[in-house]
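Asks: Before we start, here is the structure in question, set down as structure tokens.
What follows draws every value from the coordinates through simple rules; no lab data is involved. This one's a predicted model, so the numbers in the text were calculated from it and none came from an experiment. Positions of Cβ are generated from backbone atoms using ideal geometry, with glycine treated the same way; all protein chains shown enter the neighbour counts.
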Amino acid sequence: MSECIFCEIVHGRAPCEKVYEDDLTLAFMDIFPVSPGHVLVIPKRHARDIFEIDAASLAAVSRTSQQLALCIRKALAPDGVMVMQLNGAAAGQTVFHYHTHLIPRAEGSSLALQPRVPGQPGELSALAGRIRLGLE
Ligand code: AMP
Ligand code: ZN
């Protein structure tokens, strides 16, 4: 078993609520959402951070992030969508497989990255379903 939870998800050995997948990227619901509709976009090929990721994966993650930000806007109509990407423990990175966070934001909401409570499975899959509609 890989020590990287996101590699486990890519290889189907750990579960996720998948939103989108292509040859180079995978997007799924964050299990500790900052806000309802919080999505993660990752490269399928393991890279620790922005210093390690290959150019093709980086471009693909950017493309998928834009596509799903559009889907989130269409599905959930947030006031804004924050795209966040952390590198190194000192920056707050906790999973060392490159990823972008897509976080729907409401006007006047405070940004609390920690502590967070786990998303309810039914709620995560319902939100994923609404966001996926934008891909059709
Ligand atoms: P970061 O602090 O940028 O490294 O963010 C890692 C994110 O991954 C956090 O928001 C976690 O809630 C999320 N996370 C950790 N494990 C899983 C998992 N198995 N499935 C979905 N999201 C996860
Ligand atoms: Zn990995």
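Asks: Relative contact order for the chain: what is it in percent, counting Cα pairs under 8 Å that are at least 6 residues apart?
Replies: On the way: 232 pairs, mean separation 42.2, N = 136.
Contact order relative to length: 31 percent.
Asks: Something else now. Take the chain, connect every pair of alpha-carbon atoms lying under 10 Å apart with a spring to form a Gaussian network, then pick out the residue of A106, A89, A27 with the largest mean-square fluctuation.
Replies: Result: A89 has the largest fluctuation of those listed.
Asks: Let me ask you something else. Using Cβ contacts closer than 10 Å as the measure, can you line up F96, F32 from fewest to most? Mind dumping the intermediate values first?
Replies: Details: F96 18, F32 13.
By the 10 Å Cβ count, ascending, the order reads F32, F96.
Asks: If you don't mind, another one. At a 10 Å Cβ-Cβ cut-off, how would you order S2, S110, S57, fewest neighbours first?
Replies: Values: S2 14, S110 4, S57 19.
Ordered by Cβ neighbours within 10 Å, fewest first: S110, S2, S57.
Asks: May I pose another question? Taking the Cα centre of the range 5-106 as origin and charging only Cβ (+1 Lys, Arg; -1 Asp, Glu), how large is the dipole, in debye to the nearest 20?
Replies: 160
Asks: Right, here's the next one. Output the lone cysteines of the chain: those with no second cysteine's C-beta under 4.7 Å from their C-beta.
Replies: Flagged as lacking a Cys partner: C16, C71.
Asks: Moving on. Take the Cα pairs of the range 1-102, get the Kirkwood Rh, then feed it into Stokes-Einstein at 37 °C and 0.692 mPa s and tell me D in µm²/s. Don't skip to the answer; put the middle values down first.
Replies: Values: Rh = 13.8 Å.
The Stokes-Einstein estimate is 238 µm²/s.
Asks: Tell me the trypsin sites (Lys or Arg not before Pro) within the range 71-131 that lie in a loop according to DSSP and have at most 16 other beta-carbon atoms within 10 Å. Write down the numbers at each step before the final one.
Replies: Values: sites: R73, K74, R105, R116, R130; in loops: R116.
Answer by residue number: R116.
Asks: Same structure again: Percent relative contact order of the range 56-136, based on C-alpha pairs within less than 8 angstrom and at least six residues apart? List each step's numbers first, then the result.
Replies: Values: 69 pairs, mean separation 30.4, N = 81.
The value is 38 percent.
Asks: Another question, if that's okay. Work out the charge dipole of the chain with +1 on the Cβ of Lys and Arg and -1 on the Cβ of Asp and Glu about the Cα centre, then indicate which of V19, L133, A90 is farthest towards its positive end.
Replies: L133
Asks: So how do V81, V95, V19 line up by other beta-carbon neighbours within 10 Å, fewest first?
Replies: V95, V81, V19
Asks: A follow-up question, please. Which GluC sites (Glu not before Pro) from the range 1-59 combine a DSSP loop assignment with at most 10 other Cβ atoms within 10 Å? Show your work: numbers first, answer last.
Replies: Details: sites: E3, E8, E17, E21, E52; in loops: E3, E17, E52.
Counting only loop positions with at most 10 other Cβ atoms within 10 Å, the GluC sites (Glu not before Pro) in the range 1-59 are E3.
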